[in-house]
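See below for the structure under consideration.
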Amino acid sequence: MSSESASSWAAAWELLLPAASAPARARGRTLQAALREAVRSGRLARGTRLPSSRELAADLGVSRGLVTEAYEQLTAEGYLRSGRGAGTWVGGAVRAAQPGARDLAPRSPGARADFLPGTPDLSLFPRAAWAAAHRGVLAELPHHALGYPDPRGLPRLRTALAELLARRRGVVADPERVVVVSGVAQAMTLLGFVLHARGMRAVGVEDPGSPEHGSLYASAGIGTVPLPLDAHGLAIGPLHASGVRAVVTTPAHQFPSGIAYSARRRAELLEWARSVDGLVIEDDYDGDFRYDRAPVGALQGLDPERVAYTGSVSKSLAPGLRLGWLLVPAPLAEDVVERKRTMDLGHPAIDQAVMARFLEHGDYDRQLRRCQRAYRERRDTLVSALDEHFPGARVSGVAAGLHAIAELPDRYGPLDRFLERTAAAGVVVRPLTDYGQSVDDGLRLVLGYAHLSSSRIREGVRLMADSVRA
């Protein structure tokens, strides 16, 4: 054995030791798994010559037949190669795996305060109630319910969601038209594929608006046309002029501007849809969170055949649950359900059953009330801190949701310099200009507050103010 092979073998030796102490019945499998992992990980490098079966068996204190069987098995799989009288070597077909797994979840490492908009407080997740629902479901769920589900979702969950959405958001909710999805992102993608199959190649999106919509529809082969807003909502003139026949909107609490569509604009939007035989896609992403009055009902309730309505538990429970809903107009229902079926064969049955029980027992309503109290208090804290540290600042938009628009006096600018200084102080903020093409260059910030404690909000605003006065 060459010195290089000897070094490689020595590095992998410790991986084989557990095979010697494994129970007799498992000893062969353990040795094979250890050898396989040593090759995969690169501990046994390509071209390394292994000891003879007799030598390795003596070293490990196992039978020679066990080693011979392991060598033969891994040779058949391509990990090793051998020739009569030439010994056994590590083959060249395997490439060493990259060690570990990266976490690509979006975060702002090292930030002292991150005013990321749209992020809920994950510490408010009702772990005890959710665990109780999970235990209850596992105790009562019949065996057949663990098979492939209806691609629309479990009837129990669709019925509970229809009741919830009719009661809280004023939608016309037939359980047969409810499709359980993996969040609003999947709802948008499903609609994109269906509209593309019907010949549509572009949809309108709000400007400013969510930057995610462009990539979601692009994945379905559909382009997006940015459409400007005015004080009442999506501007109707540019919408007519655009030539699109579908448009994505956030009428209850527009993201990110924070306005609520006026009653007149809602009516005009539906008239547009009827006039072009079009579709309004309503993203009701945080419609339950209104702090100055009762939430305005969903647009879908005014014309359920012209509005596709979608929402999720990402703001009320946790985005990691990947659970949402889509209410589909009748002409699109069959195609959407078939696309959902071919995409993933339906949402996980146990997760759906847990959510259904959570709704039926009133836990979801209690969670909404809990979040609403916390987020209202944090919004008030943000407004108060801005008044204290940025005299003349103005918070626009309705008192709702998980973010606010703060317009700061020009003396704290220009915008680029403001962002440089706040970043240097460890404060992460997003300017309104990040969300659209038609936004002016004023010093307007999109400040998320829901995920921050009141003390962190006050500290973050103070740090921001200190940084621009330095």
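The values are calculated or read from the model by the stated rules, or taken from the named source; none is laboratory data. None of these values were measured; they are calculated from a predicted model. Note that each Cβ is placed from the backbone with ideal geometry, even for glycine, and that neighbours are counted across all protein chains shown. SASA here: full protein model, heavy atoms, side chains in, ligands and nucleic acids out. Shrake-Rupley method; radii C 1.70, N 1.55, O 1.52, S 1.80 Å.
Taking residues in the stretch 332-359 that are on the phi > 0 side of the Ramachandran plot, and partners anywhere that are open to solvent by 10 Å² or more (accessible area, probe 1.4 Å) and of a type outside the set (Val, Ile, Thr), the pairs with Cβ atoms closer than 7 Å and at least 6 places apart or on different chains are Leu345/Tyr148; Leu345/Pro151; Gly346/Tyr148; Gly346/Pro149; Gly346/Asp150; Gly346/Pro151.
In this structure, is Arg49 at pLDDT 85 or above, of a type in the set (Lys, Arg), open to solvent by 40 Å² or more (accessible area, probe 1.4 Å) and in contact with a strand residue (DSSP E or B) (Cβ under 9 Å, 6 or more places away or on another chain)? It would help to see each step written out before you state the result.
Details: at pLDDT 85 or above: yes; of a type in the set (Lys, Arg): yes; open to solvent by 40 Å² or more (accessible area, probe 1.4 Å): yes; in contact with a strand residue (DSSP E or B) (Cβ under 9 Å, 6 or more places away or on another chain): yes.
So Arg49 passes the test.
Whether any residue in the stretch 164-172 is at negative phi, out of contact with any Lys or Arg (no Cβ under 7 Å at 6 or more places or on another chain), surrounded by 17 or more Cβ atoms within 10 Å (Cβ to Cβ) and assigned to a loop (DSSP other than H, G, I, E, B) is what I want to check. Checked against the condition, which is being at negative phi, out of contact with any Lys or Arg (no Cβ under 7 Å at 6 or more places or on another chain), surrounded by 17 or more Cβ atoms within 10 Å (Cβ to Cβ) and assigned to a loop (DSSP other than H, G, I, E, B), the stretch 164-172 yields at least one hit.
Show me the helices (runs of 4 or more DSSP H) entirely contained within the stretch 260-370 in which 2 or more residues are closer than 18 Å to Val171 by Cα. I'd like the intermediate steps shown before the answer.
Details: elements: 263-275, 330-344, 349-360.
The qualifying helices (runs of 4 or more DSSP H) are 263-275, 330-344.
Selection over the stretch 11-39 of residues that are open to solvent by 60 Å² or more (accessible area, probe 1.4 Å), closer than 23 Å to Gly92 by Cβ and at pLDDT 85 or above gives a count of 1. Figure legend. Inter-residue proximity from the stretch 208-221: first residues closer than 9 Å to Met188 by Cβ, second residues assigned to a helix (DSSP H, G or I) and of a type in the set (Phe, Trp, Tyr), beta-carbon distance below 9 Å, spacing 6+ or different chains. Indicated pairs: Ala220/Phe193. Flag: Arg456 matches the condition of being within 20 Å of Thr381 (Cβ to Cβ) and not aliphatic (A, V, I, L, M). Would you mention how many residues in the stretch 371-407 are over 22 Å from Ala162 (Cα atoms), in a helix (DSSP H, G or I) and not charged (D, E, K, R)? So the answer is 9.
Each row is one residue, and each column tells you yes or no for (1) part of a helix (DSSP H, G or I); (2) out of contact with any Asp or Glu (no Cβ under 8 Å at 6 or more places or on another chain).
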{"position": "Arg421", "(1), (2)": "yes, yes"}
{"position": "Ser438", "(1), (2)": "no, no"}
{"position": "Gly442", "(1), (2)": "no, no"}
{"position": "Leu447", "(1), (2)": "no, yes"}
{"position": "His451", "(1), (2)": "no, no"}
{"position": "Arg456", "(1), (2)": "yes, yes"}
{"position": "Glu459", "(1), (2)": "yes, yes"}
{"position": "Leu463", "(1), (2)": "yes, yes"}
{"position": "Val468", "(1), (2)": "yes, yes"}
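Here is a yes/no grid of residues against (1) part of a helix (DSSP H, G or I); (2) in contact with an Asp or Glu (Cβ under 6 Å, 6 or more places away or on another chain); (3) open to solvent by 40 Å² or more (accessible area, probe 1.4 Å):
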position: Ala105; (1), (2), (3): no, no, yes
position: Gly110; (1), (2), (3): no, no, yes
position: Gly118; (1), (2), (3): no, no, no
position: Ser123; (1), (2), (3): yes, no, yes
position: Ala128; (1), (2), (3): yes, no, yes
position: Ala132; (1), (2), (3): yes, no, yes
position: Gly136; (1), (2), (3): yes, no, no
position: Ala139; (1), (2), (3): yes, no, yes
position: His144; (1), (2), (3): yes, no, yes
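Please go through the stretch 267-284 and pick out each residue that is surrounded by fewer than 22 Cβ atoms within 10 Å (Cβ to Cβ) and not acidic (Asp, Glu). Passing the criteria: Ala267, Leu270, Trp272, Ala273, Arg274, Ser275, Val276, Gly278.
Within the stretch 233-246, the only residue that satisfies the criterion of being closer than 19 Å to Asp283 by Cβ and surrounded by fewer than 17 Cβ atoms within 10 Å (Cβ to Cβ) is Ser242. Exactly one residue out of Ala294, Ala246, Ala298 is in contact with a Gly (Cβ under 8 Å, 6 or more places away or on another chain) and closer than 30 Å to Arg373 by Cβ: that is Ala298.
For the stretch 55-68, give me the residue count where each residue is part of a helix (DSSP H, G or I) and either in contact (Cβ under 8 Å) with a residue 12 or more places away in the chain or among the aliphatic types (A, V, I, L, M) (or both).
Of the stretch 55-68, the ones part of a helix (DSSP H, G or I) are 55-60, 64-68.
Checking the rest, the ones that are also either in contact (Cβ under 8 Å) with a residue 12 or more places away in the chain or among the aliphatic types (A, V, I, L, M) (or both) come to 56-58, 60, 66-68.
Counting residues in the stretch 55-68 that are part of a helix (DSSP H, G or I) and either in contact (Cβ under 8 Å) with a residue 12 or more places away in the chain or among the aliphatic types (A, V, I, L, M) (or both) gives 7.
Only one entry of Leu227, Leu279, Leu234, Leu216 meets the criterion of being in contact with a helix residue (DSSP H, G or I) (Cβ under 7 Å, 6 or more places away or on another chain), of a type outside the set (D, E, K, R) and closer than 17 Å to Arg198 by Cβ, and that entry is Leu279.
Yes or no, residue by residue, for (1) at negative phi; (2) more than 26 Å from the chain's Cα centre (by Cα); (3) of a type in the set (Phe, Trp, Tyr); (4) in a loop (DSSP other than H, G, I, E, B):
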| residue | (1), (2), (3), (4) |
| --- | --- |
| His240 | yes, yes, no, no |
| Val244 | yes, yes, no, yes |
| Ala252 | yes, no, no, yes |
| Phe255 | yes, no, yes, yes |
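Take the residues in the stretch 52-65 that are closer than 24 Å to Arg84 by Cβ and either open to solvent by 30 Å² or more (accessible area, probe 1.4 Å) or among the basic types (Lys, Arg) (or both); name whichever of them is modelled with the lowest pLDDT. Checked the stretch 52-65; the qualifying residue modelled with the lowest pLDDT is Asp59.
In the stretch 329-367, the qualifying residues are those that are among the β-branched types (Val, Ile, Thr) and open to solvent by less than 10 Å² (accessible area, probe 1.4 Å), and the one that is nearest to Thr310 (Cα to Cα) is Val336.
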